[in-house]
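Heads up, the thing below is written out as structure tokens.
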Amino acid sequence: MTEEALPTLIAGTLGIPRSELNEASGMANTRKWDSLRQLMVITEPETTFAIELSDGEMLETTSVRQIRAVLAVHGVA
């Protein structure tokens with residue numbers, strides 16, 4: 001996965017410009033990233049990268065940085 005692939009995927013899922021996201025972007029500081037869209041933000045990488053996240057991992061993934069870390073555990077770097 002390229003450096004830009006994850007933020008681009010998340011931006012598309014949220015319907016916001018890629019320029020609005022960085023590694024620290026997450027539910028607390030990104031417009032449109034609410035609890036409903038959080039489900040979409042998590043399921044999109046699962047589908048795209050053919051992985052399955054545990055419940056605990058899903059709870060951890062509330063920012064770009066955290067999602068990237070969890071994906072790395074699954075071999076998606």
Exercise. Could you give the spread of the C-alpha atoms of the chain along their three principal axes, from largest to smallest, in whole angstroms?
Key: 27, 25, 19
Quiz prompt | Derived scalar couplings ³J(HN,Hα) [the stretch 48-60; Karplus, 6.51 cos²θ - 1.76 cosθ + 1.60; whole Hz; x for Gly, Pro] | solution = 4, 9, 6, 10, 10, 8, 6, 4, x, 5, 4, 5, 6
Exercise. Among 35, 74, 58, flag the residue with its Cα farthest along the positive direction of the charge dipole of the chain, charges on Cβ as +1 for Lys/Arg and -1 for Asp/Glu.
Key: 35
Quiz item: Which ³J(HN,Hα) values, rounded to whole Hz and listed in residue order, are derived for the stretch 23-33 from phi using the Karplus coefficients 6.51, -1.76 and 1.60 in 6.51 cos²θ - 1.76 cosθ + 1.60 with θ = phi - 60°, glycine and proline given as x?
Solution: 4, 8, 5, x, 4, 6, 9, 10, 4, 6, 8
Practice problem: With a probe of 1.4 Å, find how much accessible area the chain has per residue, and write the answer as a whole number in Å². | Solution: 56 Å²
Quiz item: Got the relative contact order for the stretch 1-72 handy, in percent, Cα pairs under 8 Å and 6 or more residues apart?
Solution: 33 percent
Quiz prompt | Dipole magnitude of the chain about its Cα centre (Cβ charges: Lys, Arg +1; Asp, Glu -1), debye to nearest 20 | solution = 280 debye
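The values are calculated or read from the model by the stated rules, or taken from the named source; none is laboratory data. Quick caveat: nothing in here was measured; it's all calculated off a predicted structure. Virtual Cβ from ideal backbone geometry, glycine too; neighbours counted across all protein chains shown. With ligands, DNA and RNA removed, areas are computed over all heavy atoms of the protein, side chains included. Shrake-Rupley method; radii C 1.70, N 1.55, O 1.52, S 1.80 Å.
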